[in-house]
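Written below as structure tokens is the structure these notes are about.
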Amino acid sequence: MTVELQIACSFCSKPSTEVEKIVAGPGVYICNECVALAATVIEQSGETSTPPRVPIWESLSDEEMLSHIPRVGVHINYAETELRSWVQELRRRGVTWTRIGEALGITRQSAWERFSGEE
Ligand SMILES: [Zn+2]
């Protein structure tokens with residue numbers, strides 16, 4: 001199954017065409033509506049051991065959760081694509097594979113194999 005990388009909010013899954021604004025983060029996107037909801041959740045949440053979640057699971061039906069999970073999976077691809085962009089920029093700046101590997105907690109060889117696109 002190929003997953004199309006259409007830009008959509010990582011939180012509510014609405015595509016960029018259905019919201020006013022979308023802001024890009026490292027491998028994630030957030031829409032103006034979720035920024036507002038998150039601000040409310042932050043205001044209302046007290047001290048918790050786990051961060052408050054948007055969308056709020058308790059507000060979703062089983063069907064809504066089921067329709068959301070494939071979209072969560074799409075973000076694995078977003079994150080991978082974003083990570084590649086960051087590494088490509090570091091390489092463009094002349095940063096060595098050794099330093100990139102160290103930053104990612106992998107060997108120079110693993111970093112090269114994963115990101116260089118060379119055989
Ligand atoms: Zn959203």
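The values are calculated or read from the model by the stated rules, or taken from the named source; none is laboratory data. Every value quoted in this text rests on a predicted model; they were computed, and no experiment measured them. No Cβ is skipped: glycine too gets one built from the backbone with ideal geometry, and neighbour counts run over all protein chains shown. The protein model used for the area step is the full one, side chains on, heavy atoms only, and it has no ligands, DNA or RNA in it. Shrake-Rupley method; radii C 1.70, N 1.55, O 1.52, S 1.80 Å.
Brief remarks follow.
- Boolean, GLU18 is more than 28 Å from GLU113 (Cβ to Cβ), away from the ligand (no atom under 13 Å from the Cβ) and out of contact with any Pro (no Cβ under 6 Å at 6 or more places or on another chain): no
- Residue count for region 57-98, restricted to those that are open to solvent by 80 Å² or more (accessible area, probe 1.4 Å) and touching a helix residue (DSSP H, G or I) at 6+ places or on another chain (Cβ under 8 Å): 4
- Condition met for VAL54 (within 15 Å of the ligand (Cβ to nearest atom) and open to solvent by 80 Å² or more (accessible area, probe 1.4 Å)): no
- Test: ALA24 is at pLDDT 85 or above, more than 10 Å from the ligand (Cβ to nearest atom), open to solvent by 60 Å² or more (accessible area, probe 1.4 Å) and of a type in the set (Gly, Ala, Ser): yes
- Residues in region 103-112 that are free of Cβ contacts under 8 Å to residues at least 12 places away in the same chain and closer than 19 Å to ALA79 by Cα: 5 in all.
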